[in-house]
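So the structure is just underneath, and the comments pick up after that.
The values are calculated or read from the model by the stated rules, or taken from the named source; none is laboratory data. This one's a predicted model, so the numbers in the text were calculated from it and none came from an experiment. Every residue, glycine among them, receives a Cβ derived from its backbone with ideal geometry; neighbour counts consider all protein chains shown. Remember, those area values only see protein heavy atoms, side chains included, never the ligands or the DNA or RNA. Shrake-Rupley method; radii C 1.70, N 1.55, O 1.52, S 1.80 Å.
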Amino acid sequence: MAQIIDGKQIATDIKTSLKVEAERLFPLVGRRAFLTVVLVGDDPASRSYTRGKIKACEFVGIDSDLLEFPSSVSEEELLKAIERLNEDDKVDGILVQLPLPAHISKQKVIDAICREKDVDGFHPLNVGRLDQGYDCISPCTPKGIMRLINSTGVETEGKIAVVVGRSNIVGKPVAKLLLQANCTLIQTHSHTRDLDSITRMADILVVAVGKPGLIKGNMVKKGAVVIDVGISRCEDGLLHGDVDFESTAENASFITPVPGGVGPMTIAMLMANTLECYKKRNNIL
Ligand code: NAD
């Protein structure tokens, strides 16, 4: 039976150590780190994620601000607001909560955030630097996934890692991080044939699709480390992952629950990225 990777506890431990780090940095810089979260529209899920991020800032000792716009805001107005945040010296991190309304180009908005304040790590310059293995801000969810894998003590070197999903925010960047950790990597997606036989090869299986129960126990190799990134609210009103927990836990050596696995780590890594931007902007290495 698999051991559960307690993402909630690991995220709390990380935030507690970041709080100590924030306290240490405060007198050196003369002000606290500052994160601005931009929220467009009134999507309840986005609002709830945003609240979680602001609450985490309060815990760690990062000043924060929520900049809200109605869903009718024009692209031009939003881009101008981002430009102002880029120029505001006290702002260390800018996070635009996704998704955005259809009339606003997500790519233009991401491109507009200056690289030094891109706490999500979505700017093409950060993405390119991650690809090359250069120093950069890594996206929060993939970075959190790697911390969860490392927490198991399982060696990544030479292991077969299978990533199910190839989105820009999870699948592709986590694949790059697994490669950097010297895994042998296989990336699968919606056009992959015979997914079962590929997932069964995985020593480390990361699933980021958004289809509840896609991965069943018989698709997982005995002893695999299984990281379930998926979060879907289903008809029963509960949150479900992409992995069928019960059957998979029988085969895996380690498994993340949903909720309480990857989700809390994403927020903890956002805090880490904000402090990283703050330190770099203030020449503290
Ligand atoms: P996305 O919709 O952008 O991408 C989904 C990917 O799954 C695509 O690359 C697609 O090719 C692939 N896919 C679809 N069907 C497939 C199949 N049958 N077999 C293999 N691959 C298939 O989604 P996303 O933004 O990467 O998010 C994925 C899931 O992770 C969602 O449930 C999302 O809510 C969740 N998520 C969680 C966190 C967190 O912090 N826990 C963060 C981001 C996303």
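Values as computed for the structure displayed
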quantity	calculated
Relative contact order for the chain, counting Cα pairs under 8 Å that sit 6 or more residues apart, in percent	22 percent
The range 128-285 - charge dipole about Cα centre, Lys and Arg +1 at Cβ, Asp and Glu -1, debye rounded to 20	580 debye
Scattering curve values for the range 139-272, log₁₀ I(q)/I(0), Debye with Cα scatterers, q = 0.09, 0.22 Å⁻¹	-0.22, -1.47
Within a Gaussian network of the chain (alpha carbon springs, distance under 10 Å), most fluctuating of THR192, THR50, THR256	THR192
Summed side-chain charge close to ILE62 - residues other than ILE62 whose Cβ falls under 13 Å, Lys, Arg +1, Asp, Glu -1	+1
Positive-end residue of ALA45, SER17, ALA2, charge dipole of the range 1-58 with Cβ unit charges	SER17
The range 159-285: relative contact order as a whole-number percent, Cα under 8 Å and 6+ apart	20 percent
Length released on extending from THR192 to GLU58, taking residue separation times 0.36 nm less the Cα-Cα span	43.9 nm
222 nm mean residue ellipticity, helices alone, for the chain (DSSP H n ≥ 4; -39,500 (n - 2.57); rounded to 500)	-13500 deg cm²/dmol
Sites GLU76 and SER46, calculated FRET efficiency, Cβ-Cβ separation with R0 25 Å, nearest 0.05	0.70
GNM result for the chain, Cα springs below 10 Å: residue of ASP43, ASP244, ASP194 fluctuating most strongly	ASP194
Length added when fully stretched, LYS8-MET201, from 0.36 nm per residue minus Cα-Cα	66.6 nm
Cα-centre dipole for the range 7-104 with unit charges at Cβ (Lys and Arg positive, Asp and Glu negative), debye to 20	560 debye
Using alpha-carbon coordinates, inclination of helix 171-180 to the longest axis of the chain, degrees	80 degrees
For a label point 7 Å along the Cα-to-beta-carbon line of ASP88, residues of the range 95-131 with backbone N under 13 Å	95-96
Residue of THR188, THR266, THR199 that the Gaussian network model of the chain assigns the largest fluctuation, springs spanning Cα pairs under 10 Å	THR188
Three semi-axes of the equivalent ellipsoid, the chain, Cα gyration tensor, whole Å, largest first	32, 21, 18
Estimated inter-spin distance, VAL29 and SER17, nm [label 7 Å along Cα→Cβ]	1.9 nm
In degrees, nearest ten, helix 75-87 long axis to first principal axis of the chain (Cα)	80 degrees
Cβ-defined net charge surrounding LEU179, 15 Å radius [Lys, Arg +1; Asp, Glu -1]	+3
Filter on LYS19/LYS80; LYS8/LYS176; LYS106/LYS211; LYS55/LYS216 - keep pairs with C-alpha separation over 29 Å	LYS19/LYS80; LYS55/LYS216
Sequence of CYS234, CYS136 from largest to smallest accessible area, 1.4 Å probe	CYS234, CYS136
Signed unit charges on C-beta, dipole axis of the chain, positive-most listed residue VAL226, PRO259, LEU239	VAL226
Within the range 133-193: Cβ-based charge dipole about Cα centre, in debye rounded to nearest 20 (Lys, Arg +1; Asp, Glu -1)	240 debye
Net charge of neighbours whose Cβ lies under 14 Å from the Cβ of LEU205, counting Lys and Arg as +1 and Asp and Glu as -1	0
Stretch gain in nm, segment ARG115-ASN283, where the contour uses 0.36 nm per residue and the Cα spacing is subtracted	58.9 nm
